[in-house]
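Data block below; observations after.
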Amino acid sequence: MQIITVGFVYAVYENEESVHKILHTCSTKTDRTLDDGRCEYYLDVYSQRANSRRKSIQIIPWFVEDSQWIAEGDYTSNGYGNWEQRLNSTECINRTVFVGALHGMMTAYALARICHELFGDVEYAAIDTDRNKYPIGSGRVVFVNAHSYYAAVTANYLMIECDKFCKVIQIDPYVSDNVPCTGNNGQWCSNMGQYFCRSLKCMKYYCATCWDLNSNHLTTQTNECEPPAMVHKPLMRNARTA
Ligand SMILES: [Zn+2]
Ligand SMILES: [Zn+2]
């Protein structure tokens with residue numbers, strides 16, 4: 001076994017029981033600025049190299065239920081059979097943002113709360129996880145109103161400051177993989193919309209051909225005076241839970 005004195009390491013246990021065991025031996029700290037009802041766990045370890053010098057390491061578990069947050073209220077009855085169907089509907093995707101560069105300790109609840117405070121009501125938030133159900137640093141937020149969605153997309157970057165970390169997170173429109181191409185100049189196109197233009201002037205899906213045909217996309221030089229939200233920039237489908 002390699003002993004790492006600086007940095008971090010991931011440990012995947014074979015059984016969930018082991019996670020409970022390790023957390024039981026940890027000391028806890030309940031006050032944290034994220035204020036999401038969770039606490040921090042610290043484990044005392046003795047380094048063999050440094051003559052049994054005690055070192056406190058932080059153990060960061062991920063509670064599976066923190067991957068998803070759903071606002072109170074019966075949104076499912078709104079014409080959809082279940083949440084998955086609702087979230088994948090065009091109507092919902094048009095109010096969904098992709099959030100990247102998230103801190104590993106950010107819960108769906110905390111993310112929803114931050115977005116609510118800054119941009120408006122949120123109905124759903126999710127943290128993307130890997131096959132071990134551990135967060136991978138991205139997520140999505142569904143706003144109640146399109147107005148909040150546009151405010152978030154226009155902000156593009158968000159600085160989150162708390163006692164533990166300070167991190168700039170990235171907000172982009174959430175890109176669906178089953179929207180047809182918008183076409184060019186009102187001409188119908190049978191291709192799938194592989195690229196989403198995040199410029200507030202477009203906010204549409206295009207296939208590679210129609211992207212190039214669009215006169216707004218001809219110039220490769222960016223206009224310095226143009227606000228970032230107006231710049232034509234292709235987005236592809238975001239990472240999502242496997
Ligand atoms: Zn096309
Ligand atoms: Zn565009």
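The values are calculated or read from the model by the stated rules, or taken from the named source; none is laboratory data. Everything quoted here is computed from the prediction, not taken from an experiment. Quick reminder, even Gly has a Cβ in these numbers, built from the backbone with ideal geometry, and neighbours come from all protein chains shown. Keep in mind that these areas ignore ligands, DNA and RNA; they rest on the heavy atoms of the full protein, side chains included. Shrake-Rupley method; radii C 1.70, N 1.55, O 1.52, S 1.80 Å.
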Give me the percent relative contact order of the chain, please, defined on Cα pairs under 8 angstrom at least 6 residues apart. 14
Under the definition of Cα pairs under 8 Å and six or more residues apart, what whole-number percent is the relative contact order of segment 64-173? 31
With every protein chain left in place, what is the accessible area per residue of segment 64-173 in square angstrom, probe 1.4 Å? 47
On a straight-distance basis, which lysines could pair with Lys21 in a cross-link, Cα separation under 19 angstrom, same-chain partners fewer than 8 positions away excluded? Lys29, Lys133
Calculate the FRET efficiency for Ala11 and Cys189 from the Cβ-Cβ distance with a Förster distance of 51 Å, rounded to the nearest 0.05. 0.55
By how many degrees, 0 to 90 and rounded to 10, does the Cα axis of helix 146-155 deviate from the longest principal axis of the chain? 70
Roll a 1.4 angstrom probe over the protein heavy atoms and tell me the percent of accessible area of segment 64-173 that is carbon or sulfur. 48
Computed lengthening from Glu161 to Asp130, 0.36 nm per intervening residue step minus Cα-Cα distance: 8.6 nm
Starting from the residue with the highest accessible area, list Met236, Met159, Met230, Met106 in decreasing order, probe 1.4 Å. Met159, Met236, Met230, Met106
At a 1.4 Å probe radius, which order do Trp69, Trp211, Trp188 fall into by accessible area, largest first? Trp188, Trp69, Trp211
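So what's the back-of-envelope 222 nm ellipticity for the chain, counting only DSSP H runs of four-plus at -39500 (n - 2.57) apiece and dividing by all residues, rounded to 500?
Rounded to the nearest 500, the figure is -5000 deg cm²/dmol.
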Per residue, the convex hull enclosing the alpha carbons of the chain has a volume in Å³ of 189
Choice from Phe143, Phe63, Phe165 showing the highest fluctuation, given a GNM over the chain with Cα pairs closer than 10 Å: Phe165
Any cysteine of the chain lacking a neighbouring Cys Cβ under 4.7 Å - listed by number: Cys26, Cys39, Cys92, Cys115, Cys162, Cys166, Cys210, Cys225
Taking 7 Å along the Cα-to-C-beta vector as the label spot, tell me the Leu118-Ile60 distance in nanometres, rounded to one decimal. 1.8
Contour minus end-to-end for Leu43 and Val168, with contour as 0.36 nm per residue of separation and end-to-end as the Cα-Cα distance? 42.1 nm
Relative to the first principal axis of the alpha-carbon coordinates of the chain, what is the inclination of helix 108-119, with its axis defined by its Cα atoms, in degrees from 0 to 90 and to the nearest 10? 50
Within straight-line cross-link reach of Lys233, lysines at Cα separation under 27 Å, skipping those fewer than 8 residues along the same chain: Lys167, Lys201, Lys204
Please report the accessible area of Thr30 (heavy atoms, 1.4 Å probe, ligands and nucleic acids excluded) in Å², nearest 10. 110
If I take R0 = 30 Å and measure r between the Cβ atoms of Ser18 and Arg53 in this structure, what FRET efficiency does the formula 1/(1 + (r/R0)^6) give, to the nearest 0.05? 0.70
